[in-house]
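Read-outs: derived from the displayed coordinates by stated rules, not from any lab. Keep in mind that what you see is a predicted model, and the values were worked out from it rather than measured. Virtual Cβ from ideal backbone geometry, glycine too; neighbours counted across all protein chains shown.
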């Protein structure tokens, strides 16, 4: 058995599986290793669905990534019978003066997207399931919508394997030894070497990168989501958009009721920090798990504040500035890193996979990723001169 590969990918969740697929398209001999069997409930891709927005309130630098990611999702959809994307539209709303809402509008206009800036009255008239104070504004993007997270990963997995990539599941990595021109990976099921390495281990990135002498400020954090009985005449996916809400009392996001499952809502802020191996994954372990979600529904979507159908937890891995890390290791040019996706990364996993494949094969991303540098000051608060 030949245990040497051109590229090894450590962590085969959304980003890693996408990277493996795009490498396989290039004919690169690739091994993907995961501690679990993706898709699974132990990472940041659990919870069935993810929003995809192109006009991003996080900043205009995300808009080109959002647009390219949609192109790649559409290409992937053409290669599978599973539903990957549903165009529900996405509504971003919040108090007038919200930087998040204003940046979403600015991003959409700068990149000539089909968006509408809306007042509170216009939002409530179009979607009667929403109740807003008069001082709110919004941004509606009709071409955006919902990704089916598990289906997307399964499609990348199947196609990567068909192209000749290999996948090792349920095999935690125990050590990574980086040499000047190669890497050696020891996992539960064996030892493997490669010319190049991609690290996309989600909440486990912090420890892995620290072992590789790259201590950057990324923090895993527990978040919750819940599906609530709702009036489908108001909230069904053919009538109601996905949404993200930036209010002074919290940032929330959610999805329309899909196939009668109920409105899905999560809180973006107010998580519990901790190491992934010790994180309590039981919904309801903290009193605020359900209470926070019900507060939002009671205030802004009261007809969706019904019985809790399902509650789940997931993990965010946050950076201090909430921007991603997509870069080559500063000391090892043959090691690429994708980390710190801060709760809003899944929609970009297709384009991040493409970027990672370019980084390890071409030595550059082919697009501007300077905002996501591993060396930026925000990731190294104790090293002023870095």
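Does the range 85-179 classify as rounded, prolate or oblate by the C-alpha gyration tensor (a ≥ b ≥ c root eigenvalues; a/c under 1.5 gives rounded; else a/b over b/c gives prolate, otherwise oblate)?
prolate
Just check the range 1-109 against the gyration tensor rule for me: Cα atoms, a ≥ b ≥ c as the square roots of the eigenvalues, rounded for a/c under 1.5, and otherwise prolate or oblate depending on whether a/b exceeds b/c.
The shape class here is prolate.
For an R0 of 45 angstrom, estimate the FRET efficiency from the Cβ-Cβ distance between residue 81 and residue 116 and round to the nearest 0.05.
0.85
Please report how far the C-alpha centroid of the range 326-386 lies from that of the range 269-293, rounded to the nearest whole angstrom.
If you average the Cα positions of each part, the centres end up 28 Å apart.
To the nearest 10 degrees, how steep is helix 288-300 against the longest Cα principal axis of the chain, on a 0 to 90 scale?
Between the helix axis and the principal axis of the chain, the angle is about 40 degrees.
With the chain treated as a Gaussian network of Cα nodes joined by springs under 10 Å, which of 333, 266, 97 yields the largest mean-square fluctuation?
Of the options given, 97 has the highest mean-square fluctuation.
Radius of gyration and Dmax for the range 46-100's Cα atoms, expressed in Å?
13.6, 43
Please state the shape class of the range 311-386: rounded when a/c is under 1.5, otherwise prolate if a/b exceeds b/c and oblate if not, all from the C-alpha gyration tensor. It would help to have the intermediate numbers written out before the result.
Numbers: a/c = 2.16, a/b = 1.11, b/c = 1.96.
The shape class here is oblate.
Specify the inter-centroid distance of the range 176-255 and the range 69-129, based on alpha-carbon positions, in whole Å.
22 Å
Can you say what percent of the DSSP beta bridges in the chain, counting only those with both residues inside, are antiparallel? Round to 5.
Antiparallel bridges: around 70 percent, rounded to the nearest 5.
How far, in degrees from 0 to 90, does helix 349-362 lean away from the longest principal axis of the Cα atoms of the chain, to the nearest 10?
20 degrees
Can you tell me, using C-alpha contacts under 8 Å and at least 6 residues apart, the relative contact order of the range 248-287 as a whole percent? Don't skip to the end; give the middle numbers.
On the way: 28 pairs, mean separation 12.8, N = 40.
Relative CO of the range 248-287 lands at 32 percent.
Name the residue, out of 285, 55, 104, whose mean-square fluctuation peaks in a Gaussian network model built on the chain with Cα pairs under 10 Å.
So, out of 285, 55, 104, the one fluctuating most is 285.
Suppose only helical runs count, i.e. DSSP H with n ≥ 4. What mean residue ellipticity at 222 nm does that imply for the chain under -39500 (n - 2.57) per run, divided by all residues and rounded to the nearest 500 deg cm²/dmol?
Value at 222 nm, helices only, nearest 500: -7500 deg cm²/dmol.
Who wins for biggest fluctuation among 133, 220, 39 in a Gaussian network model of the chain, springs between alpha carbons below 10 Å?
Taking springs between Cα atoms under 10 Å, the residue moving most is 133.
What is the pair-distance distribution P(r) of the range 171-282, computed from all Cα-Cα distances in 10 Å bins starting at 0, with each bin given as a whole percent?
Reading the bins upward from 0: 12, 27, 24, 19, 15, 3, 0.
Using only the alpha-carbon atoms, how far is helix 99-110 inclined from the longest principal axis of the chain? Give it as 0 to 90 degrees, nearest 10.
Helix 99-110 and the main axis of the chain meet at about 80 degrees.
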